Amino acid sequence: MVAQQTLGAEHMKTFQKRGFPVDQTRRYLEPGPIVLVSSHWQGESNIMTMGWHMMLEYDQIGCYIWDENHSFDLIRKSKQCVINLPTIDLIDTIVGIGNSSGAEIDKFVTFGLTQTASDKVSVPMIKECYANFECRLEDGSMIARRGLFIWRVVKAHVARTPQYPTTVHYRGHGIFMVSGRHINLRRKFKPQNL
Ligand SMILES: Cc1cc2nc3c(=O)[nH]c(=O)nc-3n(C[C@H](O)[C@H](O)[C@H](O)COP(=O)(O)O)c2cc1C
């Protein structure tokens, strides 16, 4: 029997590893770009910075919201939010919003952001963000136990240009990664995986 050849193995590098604290896993696997989540309930609007989110299939999003955040109650009660996608030029705003509380300040005013009306939810979108995803709560069964909100995107607004926005991705401890080069490997994909 012919031994199975491992394609390209001779070109692949390996790594010397060390033990690593499991509670720092986020430094390498932090999902997606940092987003700004806007909320509204009974006349009050707020914004929080969020890194702990993930896509569930194509139009649903799971996210973790700490119940000490002022946004938690606004979002839990309204069952709505807008997930706004900021770009690198908003980095100071991203950090400022994530280090202040809507219980003490109006973040739209403090950070000079413009509210625009959503189409399908009663939550303002942030005009200065590259994209805005209007969300309705799809599954709230894990909010109390896990702080996990599962959203369905009911309307999306995306800037025409640039095609690939320069987003920021959080590694913890004040360090952000900035999105960069893109490579197109479409020809290698099965159609159902595109
Ligand atoms: C980069 C970054 C990412 C964050 N990600 C999350 C997150 O995923 N979930 C969360 O509950 N809080 C997260 N926070 C913390 C909240 O943004 C922060 O507590 C914020 O002040 C909450 O605002 P609020 O009290 O007005 O709701 C993050 C903060 C920063 C700076």
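The values are calculated or read from the model by the stated rules, or taken from the named source; none is laboratory data. On a predicted model such as this, the values are computed, not experimentally measured, just so you know. Every residue, glycine among them, receives a Cβ derived from its backbone with ideal geometry; neighbour counts consider all protein chains shown. When the accessible area is computed, the model is the full protein with side chains, heavy atoms only, and any ligands, DNA or RNA have been set aside. Shrake-Rupley method; radii C 1.70, N 1.55, O 1.52, S 1.80 Å.
Lysine pair count for the chain with Cα-Cα distance under 19 Å and sequence separation of 8 or more or different chains is 6.
For the stretch 4-130, give the percent of accessible area contributed by carbon and sulfur heavy atoms, probe 1.4 Å, rounded to a whole number. Ligands and nucleic acids excluded, carbon and sulfur reach 53 percent. Label zone of K155 (point 7 Å out along Cα→Cβ, amide N under 16 Å): in the stretch 125-148 this covers 125-127, 131-137.
The chymotrypsin sites (Phe, Trp or Tyr not before Pro) of the stretch 62-116 meeting both criteria, a DSSP state outside H, G, I, E and B (loop) and at most 11 other C-beta atoms within 10 angstrom of the site's C-beta, are W66. Accessible area per residue for the stretch 47-156 is 51 Å², calculated with a 1.4 Å probe on protein heavy atoms, without ligands, DNA or RNA. Dipole magnitude for the stretch 29-150: about 280 debye, using +1 per Lys or Arg Cβ and -1 per Asp or Glu Cβ, origin at the Cα centre. Its alpha carbons give the stretch 1-155 an Rg and a Dmax of 19.5, 73 Å. Please name whichever of Q16, G96, V158 sits farthest to the positive end of the charge dipole of the chain, dipole taken about the Cα centre and charges placed at Cβ: Lys and Arg +1, Asp and Glu -1. It is Q16.
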